[in-house]
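The values are calculated or read from the model by the stated rules, or taken from the named source; none is laboratory data. All figures in this text were calculated on a predicted structure; none of them were measured in a lab. Positions of Cβ are backbone-derived with ideal geometry, glycine not excepted, and every protein chain shown enters the neighbour counts. In case anyone asks, the SASA skips ligands and DNA or RNA and just uses the protein heavy atoms, side chains included. Shrake-Rupley method; radii C 1.70, N 1.55, O 1.52, S 1.80 Å.
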Amino acid sequence: QHNVSLSGGTEENRYNIAFNLYDAKEHFLHTSENSLKLDMKNEWKPYKWLKINTSVNIKYDRNKEPTASPETFWNWGHDEGTYMQPYTAIVDDQGRPTDIWGLSTYKINKYESTPGMKAWNYNPIEDLGQDNQSTTDFQVRLSGSIHLDIWKGLNLEVGGNWQRGNTQWKQVRGADCFDVRTTYNDATSVSNPAEHYFPDGALINESRDINENWTVRTQLNFRHDFDGGKHHITALAGNEVRRQTYDNNTMASRAGYNEQAGTFTPVNIKDYNARKYNSDMLMEGNRAISSLEEGSYAYRDNRFVSWYGNGSYEYDNRFIVSGSIRLDLTNFFGTDPKYRYRPLWSVGGTWKLSNEK
């Protein structure tokens with residue numbers, strides 16, 4: 001982990017820059033975590049009555065791990081999704097990864113009597129490097145504000161921010177990983193062993209998310225004392241406009257994937273998931289990869305416009321009258337348009353008995 005921070009400036013202009021680089025290899029094989037963060041802030045005061053703030057935040061995260069979880073190696077029993085037993089040796093006498101029992105004798109006999117089968121040995125440690133998933137996340141945020149002193153106790157603040165991010169999740173199950181090999185064997189056509197309902201090659205699953213949102217806010221503040229502090233007024237009024245969008249695309253599984261050429265073999269996923277080919281498969285059920293991702297798409301767009309204000313008057317540090325109001329153009333109260341302009345308001349009062357003679 002590396003951290004660098006720079007700051008400095010003058011009374012008129014101050015800046016701060018921070019950089020963080022993180023790189024870790026976890027306790028589980030083929031697992032890593034990397035991140036990079038950059039923060040930049042600047043405050044500029046060209047005049048006593050004017051202040052301008054700007055900032056930039058950039059974040060990049062990348063994680064990689066095997067599809068098989070660490071629990072695969074210590075949750076014993078086939079019902080727990082593992083082929084391990086407490087006495088299973090996953091390395092030989094020389095400390096090298098070794099094959100373990102992975103299939104029933106019935107399956108092995110079927111494979112041996114069928115031509116064109118892929119190898120069905122299971123080496124759990126080597127298999128970790130053949131079947132992995134990764135997540136990449138990139139986020140950028142820009143923000144700025146202007147603070148303007150208009151009169152004694154009266155000032156104006158205008159500011160906003162914009163953020164956009166892209167997240168990608170990808171799972172690549174190599175052609176030589178155990179689940180892909182055995183699924184290829186199991187999906188062999190009985191009527192024509194040269195054909196396979198699960199094509200030769202790797203299997204890739206992927207989803208991509210794009211999020212974007214922005215906010216613009218304007219606020220007027222007033223705070224002043226009159227008559228030597230006997231009368232005290234505090235008030236603010238403002239407006240806020242926001243938009244949030246979310247775009248998610250989950251790709252359909254691509255089987256028969258060639259990682260070098262970037263090609264794949266089309267499969268009728270709906271029929272495969274519906275088990276329509278099972279009657280002609282070498283092994284009708286109990287395949288390691290029993291279903292494929294059909295793909296989906298989701299989009300969300302939320303918009304908000306709000307006006308708000310509140311204020312209070314205090315007399316002689318004894319009596320206070322206050323109130324607030326807020327108006328939102330939103331669907332928080334239902335989809336009927338007549339509820340979109342419903343104001344929320346409150347009025348209150350205070351008597352400080354402890355300040356009486």
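Worth pointing out:
- Net +/- balance of residues flanking residue 354 in space, Cβ distance below 14 Å, scoring K and R +1, D and E -1: +1
- Accessible area per residue for region 287-357 is 73 Å², calculated with a 1.4 Å probe on protein heavy atoms, without ligands, DNA or RNA.
- Charged-residue dipole, Cβ positions (Lys, Arg, Asp, Glu), region 198-307 about Cα centre, Debye nearest 20: 460
- Solvent-accessible heavy-atom area per residue, rounded to whole Å², over region 111-193 at 1.4 Å: 46
- Reciprocal of mean inverse Cα separation for region 204-254 (Kirkwood radius, Å): 15.6
- The chain, relative contact order in percent, only Cα pairs under 8 angstrom and at least six apart counted: 11
- Within-14-Å neighbourhood charge of residue 263 [Cβ basis; K, R +1; D, E -1]: -1
- Region 262-357 - Debye-derived log10 I(q)/I(0), Cα point model, q = 0.15, 0.16, 0.21 Å⁻¹: -0.82, -0.85, -1.08
- Around residue 224: net Lys/Arg minus Asp/Glu count, Cβ-Cβ under 15 Å: -1
- With the whole protein complex present, residue 140 retains an accessible surface near 30 Å², based on a 1.4 Å probe.
- Bridgeable lysines around residue 110 (alpha carbons under 29 Å apart, same-chain partners fewer than 8 residues away excluded): 118, 270, 276.
- Pairs from the table (64/107; 25/170; 37/170; 152/352) lying more than 26 angstrom apart at Cα are 64/107; 152/352.
- Of the trypsin sites (Lys or Arg not before Pro) found in region 1-102, those in coil by DSSP whose Cβ has at most 11 other Cβ atoms within 10 Å are 48.
- Dividing the radius of gyration of the alpha carbons in region 43-148 by their Kirkwood radius gives 1.43 for Rg/Rh.
- Its Cα gyration tensor gives the chain an equivalent ellipsoid, and the semi-axes of that ellipsoid, as √(5λ) in whole Å with the largest first, are 63, 26, 20.
- Within the accessible area of the chain (1.4 Å probe), percent carbon and sulfur: 52
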